[in-house]
1. I need the strands (runs of 3 or more DSSP E) fully contained in the stretch 81-195, keeping only those with at least 2 residues that are touching a helix residue (DSSP H, G or I) at 6+ places or on another chain (Cβ under 7 Å) and free of Cβ contacts under 8 Å to residues at least 24 places away in the same chain.
2. Does the stretch 276-283 contain at least one residue that is farther than 30 Å from residue 37 by Cβ, in a helix (DSSP H, G or I) and touching a strand residue (DSSP E or B) at 6+ places or on another chain (Cβ under 9 Å)?
3. Tell me which residues, restricted to the stretch 26-65, are buried (at least 20 other Cβ atoms within 10 Å of the Cβ) and part of a strand (DSSP E or B).
4. Assuming residue 213 fulfils every condition listed in (1) away from ligand 2 (no atom under 16 Å from the Cβ); (2) surrounded by fewer than 20 Cβ atoms within 10 Å (Cβ to Cβ); (3) over 24 Å from residue 53 (Cβ atoms) apart from one, which condition is it?
5. Output the number of residues of the stretch 100-109 satisfying the condition of being touching a strand residue (DSSP E or B) at 6+ places or on another chain (Cβ under 6 Å) and either within 9 Å of ligand 1 (Cβ to nearest atom) or outside the structural domain of residue 140 (by TED's automatic domain parsing) (or both).
6. Run down 244, 150, 155 and say which single residue is over 30 Å from residue 348 (Cα atoms), crowded, with 16+ Cβ neighbours inside 10 Å and away from ligand 2 (no atom under 16 Å from the Cβ).
7. From 118, 68, grab the single residue that is buried (at least 17 other Cβ atoms within 10 Å of the Cβ), more than 16 Å from ligand 1 (Cβ to nearest atom) and not assigned by TED's automatic domain parsing to the domain that holds residue 313.
Ligand code: FES
Ligand SMILES: [Fe+2]
C-alpha cells in the first residue's frame with residue numbers, strides 16, 4: 001500500500017470509527033487487492049437474469065479479476081462460466097451476443113452447449129477423428145463454472161468459491177424484508193451511469209443519510225434525515241425511514257406489494273449488501289444499483305427498478321408514472337454523482353488519513369468500511 005497503514009491497522013482504524021484513509025480510494029494495488037478479496041471472496045452481484053432474456057443470449061464481463069460469461073440455456077436457466085476454452089485457454093466470447101446456438105472456440109473449434117457441456121473436440125485424435133477418449137485425453141465435462149446464485153432475478157457470483165453458503169448470506173435481508181412479496185416483480189426501468197469515483201465512494205454515499213439536507217434539499221422534504229434509523233447487520237448496512245411521503249405523480253399509481261402491512265406503507269429502506277449491491281425497497285418498487293468497479297477512480301452504476309406485475313412494468317398507460325419514478329431517483333442521483341466525484345478529487349490530492357465518524361449518522365458507512373478492511377486483510381488466493 002502507498003500509505004503506512006498495514007492491512008491489520010486498517011481493521012483497527014475502521015473498528016475505532018476512524019474510517020479508511022485517502023490512499024484506499026486511489027491506490028492501484030489496494031484496488032486490485034479489493035478485487036481479489038472483497039469481490040472474489042464474497043457474493044458479488046453481476047447483473048440480473050434479464051440481462052440475458054432469451055436462450056443463447058450471452059453477457060460478457062470482467063469481474064473480480066476474472067473474465068466471465070453469463071449465458072441463458074435452452075432450458076431457461078442462467079449460468080455463469082469462466083470465459084475461457086478448456087483446450088488451451090483462449091477467451092471464448094469477446095462481446096455480448098444474442099441467440100447463439102452453441103459456443104465455438106475460434107482457435108481449434110472446440111464446441112460447448114449453452115449449459116457449458118463440451119460436445120465437440122474436432123480432430124483431437126487425428127484428422128477426422130474427434131474422439132478424445134481414443135486420443136487418451138482425460139477431457140473435462142465442460143466449461144469451468146462459477147459458483148453462483150439467483151435471488152429475485154439478481155445474479156450473484158462467488159468467484160473464489162470460498163464464501164459462506166449464499167442462503168446464509170441472503171437470509172439476513174430476506175428476514176428483514178419478509179413483509180414484501182417479491183414474487184410478482186418485473187424489471188421496468190434500466191439506466192447506467194459512469195461515475196468518476198472509486199466504487200466505495202458510490203456505496204458509502206448511498207448509505208450516508210447525513211448529507212441529505214445539504215446535498216438533496218428536494219429529497220429532504222419527503223425523506224428527511226431526521227426520521228432515519230440506521231441498519232448495520234453483518235454484510236448489510238444502510239438506513240431506513242418509516243415516514244416517507246413523496247409528492248410526485250407516481251405516488252399511488254403503481255401497484256403496491258401485495259398484503260404489505262399498513263405500517264410499512266410509508267417505509268423506505270436503502271441498504272448495501274457487501275460488497276457491491278445497493279438495494280432499496282418501498283411500498284411500490286424495488287430498486288437496485290449494481291456498482292461495477294472499473295479502476296481505483298472509476299465505477300459504473302447499473303440501476304434497475306422493479307415494479308409489481310407485468311402490466312405495471314410494460315403498459316403504456318403507466319409509462320409516465322414509471323418515468324416519474326426513474327426521474328425521482330435521477331434527480332438526487334445526479335447530485336450524488338457530483339459530490340462523489342468531488343470527493344474523489346479531494347482524495348486524490350489529500351493528506352486525509354483518518355475520519356471522525358458520527359455515531360449517530362455514520363454507523364452504516366463505518367460498518368461497510370470495517371468489512372472492506374477485514375476483507376483486504378485476508379490473503380488473496
Ligand atoms: S483453445 Fe479453444 S479450441 Fe483450442
Ligand atoms: Fe445522496
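1. Once the strands (runs of 3 or more DSSP E) in the stretch 81-195 are filtered for at least 2 residues that are touching a helix residue (DSSP H, G or I) at 6+ places or on another chain (Cβ under 7 Å) and free of Cβ contacts under 8 Å to residues at least 24 places away in the same chain, nothing remains.
2. Step one: of the stretch 276-283, the residues farther than 30 Å from residue 37 by Cβ are 282-283.
Filter once more, keeping what is in a helix (DSSP H, G or I): none.
The answer is no, given that none of the residues of the stretch 276-283 is farther than 30 Å from residue 37 by Cβ, in a helix (DSSP H, G or I) and touching a strand residue (DSSP E or B) at 6+ places or on another chain (Cβ under 9 Å).
3. Hits for the stretch 26-65 are 44, 45, 46, 47, 48, 58, 59, 63.
4. The single condition residue 213 does not satisfy is (1).
5. Going through the stretch 100-109 one residue at a time, the tally reaches 1.
6. The unique qualifying residue is 155.
7. On the way: 118 fails: more than 16 Å from ligand 1 (Cβ to nearest atom).
The unique qualifying residue is 68.
One line per residue, one yes/no per condition, for (1) touching a helix residue (DSSP H, G or I) at 6+ places or on another chain (Cβ under 9 Å); (2) under 30 Å from residue 257 (Cα atoms); (3) outside the structural domain of residue 15 (by TED's automatic domain parsing); (4) more than 16 Å from ligand 2 (Cβ to nearest atom):
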| residue | (1), (2), (3), (4) |
| --- | --- |
| 311 | no, yes, no, yes |
| 322 | yes, yes, no, yes |
| 340 | yes, no, no, no |
| 350 | yes, no, no, yes |
| 354 | yes, no, no, yes |
| 368 | yes, yes, no, no |
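The values are calculated or read from the model by the stated rules, or taken from the named source; none is laboratory data. Quantities reported herein were computed from a predicted structural model and do not represent experimental measurements. Cβ atoms come from the backbone with ideal geometry, glycine included; neighbour counts cover every protein chain shown.
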